[in-house]
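These notes are about the structure you will find just below.
Every number in this text was worked out from the coordinates using simple rules, so none of it is lab data. Given the structure is predicted, the values throughout are model-derived calculations rather than measurements. Glycine gets a Cβ as well: all are built from the backbone with ideal geometry, and neighbour counts include every protein chain shown.
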Amino acid sequence: MKFIDKDLKAVQEARVLMEEAAEAKKTLALFEQKKLDRIAVCMMDALELKLEQLTEEAVRETGYGDAKDQLLQAKLLIKKMRKTLEPMKCVGVLSTDEAQGVLEIGVPMGVIAAAAPAVSPVAAVLSAAVCAVKSGNAIVFAPHPRAVKTTVRTVHILEEAALEAGLVRGALSCSETAAKEGAIELLSHPETNLILNMGERPLLEACSRTGCPVLYGGIAPGPVFIEKTADISRAAACITDSRGFNCGTGAGSEQYVVADRQIAAQVKEELIRHGAYFMTETEQKQLTAFLGLEKGTGLPDKEFIGKTAAWLAQKAGFAVPEHTKVLVSEQSYITDFNPYAKGLLCPVLAFYIEEDWIHACEKCIELLVGESRGNTLTIHSQDPEVIRQFALKKPVGRVLINTPAVWGAMGVTTDLFPTVILGSVTSKEGITAENVSPLHMIYRRKAAFGIHGLCS
């Protein structure tokens, strides 16, 4: 049998696909918005029929998350995308200001090189591919080594539907060989006009060296503050459901609960009632040791990612009730080495108590600027002034109010753009803090008429 170097094969595939995409973008530049819209709708229609198979395959292949949760996520995403994308205009004349004599024209960036994740690959590819086509761009995916089959199959389904609807061949494709060298070749290719990195932090350095603009969408769990005026039962339900969703791998989900001291005891009771398990000091040490957090290294290949609370507890050496959604570690303060400071893609929460909302505000900022690289903050409160102060002061791209963070950040329970790709410029990653949409994949050309005489 002839030996084939996987890295070389991945690099060659990347080069061929990028060259084909570069040719395709010339034809795409002539497509009107109505045609792009029709293609995008056909892509969503086709994928919707295969979602159950794809999400089950994703969990089998990666070992991450829950198939039912990923299916629900993708279904809700498609439903909201249909509604949001329909009136959106991305190419051609976007606006006309007759008084100022200015036309604004949307122009596709060209070719997008996209690094796909292993966590929720179906939803991620769906978000990226539909947005790229809607905005008239060609897009080429580099699959994560842990999710190659699922990513390739998802792209193939979308591509076949798009071609049947009129998309030019080469405008939507995916490398079938997963290797870091191939991904880097894709990102750094001369024909790359825009990079879309969907949470692959190890590739950020390579992205920055290319000189191309980078859209980065990290998962980045963040803090949630429960203020004394909150509906405590509802807040607790939101947090446990959101943090437990897809085994703790939801983009923007809560990892740190900060409770107002006046209601802390009630918050704890409600969290327990809604599926949280507060670990003893001994159990916390067992979990910390199992996760490899004591040395800050983590388990080899991070096998704890996307596993249930019961699985984590059993592996760590203690038992929890069957209905447990999240494991909770009570902490008094943030130390120089906080074992929970980094984003953990598993259903684990850190629980803090602060004297009032002012101290809670500072605690949330401390958590956000730490190693978790959070891009989302959630607050449960009925006090407009407290909500306003949190929105004004926090170094995040999105502040969510009285909603589960996973669904709010994704735009299901809010009117943020529906996607799982959450901009992270507030943590110094990428060029936007917003939910990544088709409007981040175009540039706006201005056509201005001469309406003023020369100044004397």
For K26, the net charge from surrounding residues (Cβ-Cβ under 13 Å; K, R +1; D, E -1) works out to -2
Counting as exposed only chymotrypsin sites (Phe, Trp or Tyr not before Pro) in DSSP loop states with no more than 11 other Cβ atoms inside 10 Å, the longest exposed-site-free span of the chain is 4-332
A correct Stokes-Einstein calculation for the range 325-456, using the alpha-carbon Kirkwood radius, 20 °C and 1.002 mPa s, returns a whole-number D in µm² s⁻¹ of 124
For the range 423-431, Karplus-derived ³J(HN,Hα) couplings (6.51, -1.76, 1.60; θ = phi - 60°; whole Hz; x for glycine and proline) come out as x, 9, 4, 5, 9, 6, 10, x, 10
For the chain, averaging the sequence separation of alpha carbon pairs under 8 Å that lie six or more residues apart and dividing by its residue count, the contact order in percent is 20
Filtering GluC sites (Glu not before Pro) in the range 346-416 by DSSP loop and by at most 13 other Cβ atoms within 10 Å leaves E355, E371
The answer for GluC sites (Glu not before Pro) in the range 1-79 that fall in a DSSP coil and have at most 11 neighbouring Cβ atoms within 10 Å is E32
Under 5 Å from the placed amide H of E330, counting only residues 5+ away or on other chains, we find M279, F351
Sorted by chain and number, the residues with a modelled amide H under 5 Å from that of F225, at a separation of 5 or more or across chains, are V258, T378, I379, H380
If each K or R counts +1 and each D or E counts -1, the residues other than D415 whose Cβ falls under 13 Å of its Cβ total +2
If unit charges are put on Cβ atoms (+1 for Lys and Arg, -1 for Asp and Glu) and the dipole of the chain is taken about its Cα centre, the option from G110, C131, H323 lying farthest towards the positive end turns out to be G110
Of all C-alpha pairs within the chain, those more than 42 angstrom apart amount in percent to 18
Once amide hydrogens are built 1.01 Å from N within the peptide plane, the residues lying 5 or more places from I139 or on another chain with amide H under 5 Å from its amide H are I112, L172, S173
